[in-house]
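The values are calculated or read from the model by the stated rules, or taken from the named source; none is laboratory data. Fair warning: this is a prediction, and the values are worked out from it, not measured in the lab. FYI the Cβ positions are ideal-geometry reconstructions off the backbone, even for glycines, and counts take in every protein chain you see. Side chains are part of the model used for accessible areas, which takes the heavy atoms of the whole protein and leaves out ligands, DNA and RNA. Shrake-Rupley method; radii C 1.70, N 1.55, O 1.52, S 1.80 Å.
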Amino acid sequence: MLKDCLEVFEKIYSKEGEKLITDSYVLGEGSYVLVDKNGEIIEILEVDKRSSDKTGRYYDFAEMNYFSKLVSIDKPIDQKKVIHSNNFLSFFIKKENITNGKLTEDIIDNYYEILKDPRIKYKDKKKKRMYELAEDKYGKVDNDLLEKQKLWIKTNISSILELKKVKNGKNYLKIFLECDIAQYKRESEKYVIPNIYNNTQYNIGMNNTTYGLPNDNMGLNSKKPYLDNKTRKNSTPYLISLEEVMLQKKFFDFLYNKVCEQKNNIYIGNGEINSLSNDQNLDKKFSGYFLRINKGKELEVLDFDTIVGLDNKLKGLFIDTIIPIDYIKFKGSLSDNYREIKEISTLKMLISNIYFNKFLTNNYFSDPKDIKLNDFRIKENLIKSRGAFFNWFYKGDTTIIKQIFDKTSMELIKNTICNDYMIKAKEQFNLRCAILNYLIGGEKMADILNGLASSLREKINNKQTDKIENDNEYYFAVGQISSYLLSKSKSGKKMHSLINPLLNCKTDEKLKAQLQMLFRKYNYDIQKESKRFNNFSAMVLGYQAESKVNDNMLVAGYLYSSLIYESKKEEENKDGE
């Protein structure tokens, strides 16, 4: 799959060149200093987390920085790892290493001596040979310019930090010599070619071509023997040519720029590469490859998948007012603006806001300890379900979410009720029904509840006690009675958390026992002549459920407007409907 992605990237790169990478390059925090060939400072650019201005020489610095960075901190020119640039035209160092004395004249001298003749550093014959091939192609270093630059650095490196335009801190000071960007590229290639493979010990020659193990997203050493393919004569996982590995490096550099822009979701197909943030979704149908990337010490590919027929348009997802909410009195997240959901991006936002307190969108791959959610139950369900939501929202794969959404959403609704957020619980229930109907289908919950409410309304208003017909009607009635009993609490604040023992019941026997406890607690405020309550309780206590406790119907009955408190006028209106 990586090879297919590289084919798409190569076609785009062949048209746009290095601009494909450098135009989206994000400079890290630090001070960027441009010096002309006479030793005069002509530009200082300060970059911090709040920097957003990319005018002026920003992209000039971006190009020079890109061609001057190390392949890896484990492959420096300076063996002391104090200087972090790769050629004599640039000089990268952490500011603190200047002030604390780690940068010495010997380190500076050794840095430039190695750049003058890298054979000093490359003791390995294969790596030395690769450098010589690069030198044959790009030419030897300009010794006069190198010596001039070394002298300037040794003379000025300490005083630069005293300039007003240079801010103190623990970030980088990066110094660049003003010259043609082609020269930067040539000097960069002379460093990159000998260092681009994971380790030259795995290199082999075949038909005048070098093949080796790429460094990107691959580590192989004596500490990782499990990566070896022991069944092959050459146990290295895979080997690619120098031309291929150079292209792969540019591809990973391109991806690294995207993750720095917080565009972690990459879609490659139809001759295009689309890079999107978590808040974005493709606006067209897609078939191809998907990569989820992350910024670590290097670029990390967390997920790689093939996608066929992804369509982020939704058809047939309607949110019905199953549990009525008076949005004139209460502020909510759904309201009348979300009766039909047509875009996966809208649904994604609603699910994150309504079920996960807005924590889902940016925590699909976060370490659990880094998710700052105070509610343990929400955090627990987020961690358990986020992979399924991610596959649905970004890959169009509903396989897992169909299996878990019923249980996950109900656990979250119960938690919301126990925390006394009743408007939110009603919105969660309404959204849950819409999503389940979209994913799984079946009879609409609105029709089911309206039928149950109509049937029970008639029965509790009869002069003679009627009977419950089925389990759905029974559990809905239990929810209604529970809500009514808790409404009798004389506490200044109605605590819906008191319903928690009922919500946790697994058998009908325990459910009836909990109802009787609630009745004994609040019966002092229930009139003996209350026909509706008496009919309700008699029907419930006289019914024996055949199925296990139906949380869905119980919660629906609890959240539904009370049939016992319903006025005569409301009752007539409902019956008319």
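Surface calculation, 1.4 Å probe, protein heavy atoms: residue 42 sits at approximately 70 Å² accessible.
Which three semi-axes in whole Å describe the equivalent ellipsoid of the stretch 307-381, each the square root of 5 times a Cα gyration tensor eigenvalue, listed largest first?
Numbers: eigenvalues 126, 89, 15 Å².
For the stretch 307-381, the ellipsoid semi-axes come out as 25, 21, 9 Å.
Dipole orientation for the chain: of the candidates 524, 312, 404, 524 has the Cα lying most toward the positive pole (charges on Cβ; Lys, Arg +1; Asp, Glu -1). Shown here are the Rg and Dmax of the Cα trace of the stretch 343-498, at 18.3, 60 Å. In the chain, the DSSP beta bridges split such that about 85 percent are antiparallel, to the nearest 5. On a per residue basis, the stretch 1-112 carries 48 Å² of accessible surface, using protein heavy atoms and a 1.4 Å probe. Taking every alpha-carbon pair in the stretch 28-177 and binning the separations at 5 Å intervals from zero gives 2, 8, 18, 22, 21, 14, 8, 5, 2, 0 percent. Computed from point charges on the beta carbon alone (+1 for Lys and Arg, -1 for Asp and Glu), the dipole magnitude for the chain about its Cα centre is near 1560 Debye.
Per-residue 3J(HN,Hα) values for the stretch 277-294, derived from phi via the Karplus relation 6.51 cos²θ - 1.76 cosθ + 1.60 with θ = phi - 60°, read 7, 5, 7, 10, 9, 4, 9, 8, 5, 8, 9, x, 10, 10, 10, 9, 10, 9 Hz in sequence order (x marks Gly and Pro). From helices alone, the chain scores -14500 deg cm²/dmol at 222 nm; the rule is -39500 (n - 2.57) for each run of n ≥ 4 DSSP H residues, then divide by the residue total.
Measuring with a 1.4 angstrom probe and ignoring ligands and nucleic acids, residue 422 comes out at about 30 Å² accessible. To the nearest ten degrees, helix 242-260 and the longest principal axis of the Cα atoms of the chain are 50 degrees apart. Electrostatic tally near residue 392: other residues with Cβ closer than 12 Å to its Cβ, Lys and Arg +1, Asp and Glu -1, net +3.
Taking a cut-off of 20 Å between Cα atoms, list the lysines near residue 11, but don't count ones fewer than 8 places away on the same chain. Result set, ordered by chain and number: 3, 19, 249, 250, 258. By a 1.4 Å probe calculation restricted to protein chains, residue 295 has an accessible surface near 110 Å², given to the nearest 10.
Mind ranking 372-379, 456-463, 244-251 by how tightly packed they are, going by the mean number of other C-beta atoms within 10 angstrom, highest first?
Descending packing order for the listed peptides: 244-251, 456-463, 372-379.
The peptide list 381-393, 275-287, put in order of mean Cβ contacts within 10 Å with the highest first, becomes 381-393, 275-287.
Derived scalar couplings between HN and Hα for the stretch 475-480 equal 5, 5, 5, 4, x, 5 Hz in order, rounded to whole Hz, by the Karplus curve 6.51 cos²θ - 1.76 cosθ + 1.60 (θ = phi - 60°), x for Gly and Pro. Once the Cα atoms are used to define both axes, helix 2-16 deviates from the longest principal axis of the chain by about 60 degrees. Against the chain, whose longest principal axis is taken from its Cα atoms, helix 105-116 shows a tilt of about 80°. Residues whose amide H falls under 5 Å from that of residue 71, counting only those 5 or more places apart or on a different chain, are absent, with hydrogens built in the peptide plane. Mean projection of the Cα convex hull over all viewing directions, computed for the chain: 35.9 nm².
Kindly provide log₁₀ I(q)/I(0) values, in the same order as q = 0.12, 0.16 Å⁻¹, from the Debye equation applied to equal alpha-carbon scatterers of the stretch 265-332. One equal scatterer on each Cα of the stretch 265-332 leads to -0.52, -0.69. Derived scalar couplings between HN and Hα for the stretch 147-156 equal 5, 5, 5, 4, 4, 5, 4, 5, 7, 10 Hz in order, rounded to whole Hz, by the Karplus curve 6.51 cos²θ - 1.76 cosθ + 1.60 (θ = phi - 60°), x for Gly and Pro.
Out of the total accessible area of the chain (probe 1.4 Å, heavy atoms of protein only), what percent is carbon and sulfur? Before the final figure, lay out each step's value.
Values: 13730 of 29360 Å².
Reported share for carbon and sulfur atoms: 47 percent.
Here's how it looks for residue 303: its modeled amide H is under 5 Å from those of 292, which are all 5 or more places away or on a different chain.
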